[in-house]
1. Whether any residue in the stretch 338-351 is of a type in the set (Lys, Arg), assigned to a helix (DSSP H, G or I), modelled with pLDDT under 95 and within 30 Å of Trp218 (Cα to Cα) is what I want to check.
2. Which one is nearest to the chain's Cα centre (by Cα), of the residues in the stretch 13-33 that are of a type outside the set (Ser, Thr, Tyr) and in a loop (DSSP other than H, G, I, E, B)?
3. Could you tell me whether Arg381 is touching a helix residue (DSSP H, G or I) at 6+ places or on another chain (Cβ under 8 Å), touching a residue at least 60 places away in the same chain (Cβ under 8 Å) and either at negative phi or not aliphatic (A, V, I, L, M) (or both)?
4. Can you find, within the stretch 384-421, the residue that is farthest from the chain's Cα centre (by Cα) among those that are within 16 Å of Thr287 (Cβ to Cβ) and among the hydroxyl-bearing types (Ser, Thr, Tyr)?
5. Given the structure, is Tyr163 out of contact with any helix residue (DSSP H, G or I) (no Cβ under 7 Å at 6 or more places or on another chain) and either without any contact (Cβ under 8 Å) to a residue 40 or more places away in the chain or crowded, with 18+ Cβ neighbours inside 10 Å (or both)?
6. So which residues in the stretch 185-205 are assigned to a strand (DSSP E or B) and free of Cβ contacts under 8 Å to residues at least 24 places away in the same chain, if there are any at all?
7. Residues in the stretch 34-47 that are in a helix (DSSP H, G or I) and surrounded by 13 or more Cβ atoms within 10 Å (Cβ to Cβ): how many?
8. Take the stretch 140-155 and flag every residue that is closer than 14 Å to Arg207 by Cα and either out of contact with any strand residue (DSSP E or B) (no Cβ under 9 Å at 6 or more places or on another chain) or assigned to a loop (DSSP other than H, G, I, E, B) (or both).
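The values are calculated or read from the model by the stated rules, or taken from the named source; none is laboratory data. Treat the numbers as computed from the prediction; the structure is a model and nothing was measured. Virtual Cβ from ideal backbone geometry, glycine too; neighbours counted across all protein chains shown.
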Amino acid sequence: MLSGADAELARRDSRLPGLALLLDPEAFAARLRRAWSGRELVSGTSAYVRYKPGTSCLVAYRFQASGSTLDVYAKAVPRERLGEVRGSPGVGELAAAAGGRRLVLGEEAAVVFAFPDDDKIAVLARLGDAEGRAALLRKLLPGRPEAWEGRVATLRYKPERRYVAVVGEGTRLVLKAYAGEEFETAQSNARALRSCGTLRLARRLGRSRRHRILALEWLSGGLLREAMGRPDFDPARLGPIGACLAEFHRQPPDRLPVPPRGKDVEAWGGAARAIGRLCPRLAGRATTLAGRLAAPLAEDSPAARAIHGDFDASQVLVEGERTAFLDLDQAARGDPAADLGGFVARMERDALGRRLPAGRVGPFVESLMEGYREASGETSRARLALFTAGNLLQMASEPFRLREPDRPDRVEETLARAEAVFRAGSGFEVA
């Protein structure tokens, strides 16, 4: 059933006639059952949305189908752009394409893709075929015959952006396939950064520019984010994580990309606009906060340290005394406080979502910062507050993207926490 907030959003965005259908799990599943009458779609859940008002909306679903799991995504576009989606046979009431894996919903101007069919990551079709996969792995990893016939298991999948899988069972490695230019940055970053001390970073084992795919070393360990949610997790364990982050920030930044000046300001402004589109009543508050966050950066000289760029506890593996950082795709030259703020903001969001006891955030932050300070000799509470608030502002749309219940309330709750963090760290009063 379409929620009231989603129904209102679909009403406001008349450029995307398929928006209401794609945001309604029950209606979408019923439509697929009619179209794919030979498939038994038992149940389905949507877990991810990527929405660009008036331009497109992509919704990823996972169905239980005939005893197995079927990953499906659907993309709604303006009616006049339906033919631009690769392989679309044109506007019609209902048409099947790509051997029944691709479905065009002409009335709603939407196209449905069933994994491994992906409109932007063409190599997934090859990975889904045993013979094609073996041939690809031989070229990608000529010195690792043990991987050529390995089983591929999905780890993470963001349609039309990135696919991550593990290959093999005994000797394992990671494959990462990309939709576009992110591949070049990712493969370059994997070579530019190195393991050091107790910090482990995955080595690049192979690459294919033609297929935009990387093979990386498999790193063992348990996810820190999962461990932090357990009642017996000792906050002191975050001290070594802070020390490892300081070590990461000391890596030579020369081969890392230089982000455009004002990148953070633009990201915060974009986040405020997204909040306003999803919850118009919050538009003024979000815009005001974005402007106040931008002010301290106006006189700054851009920092040029090596930073992770997407750092939080879900990017950290811990095994004994060793720590691994995952996903260097967004590593760049920047302000170390951006990584610290991202880590703290994710803890704040987890506390708001009841995935982490709220009373534990403070001790966790203190331990992380103490470990970082001892290893680097530098921290700025004001800078930490600035980037924590900025990251929370960017996370405020997550309840919509991740299809959380009570989405408008969760958006406002996250925005309010961003305001409070910034107010406490800067001295500004936020209305």
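1. no
2. The residue in question is Leu23.
3. Taking the combined requirement at face value, the residue does not satisfy it.
4. Checked the stretch 384-421; the qualifying residue farthest from the chain's Cα centre (by Cα) is Thr414.
5. So Tyr163 fails the test.
6. Within the stretch 185-205, just Arg204 meets the criteria.
7. The qualifying residues number 1.
8. Leu141, Pro142, Gly143, Arg144
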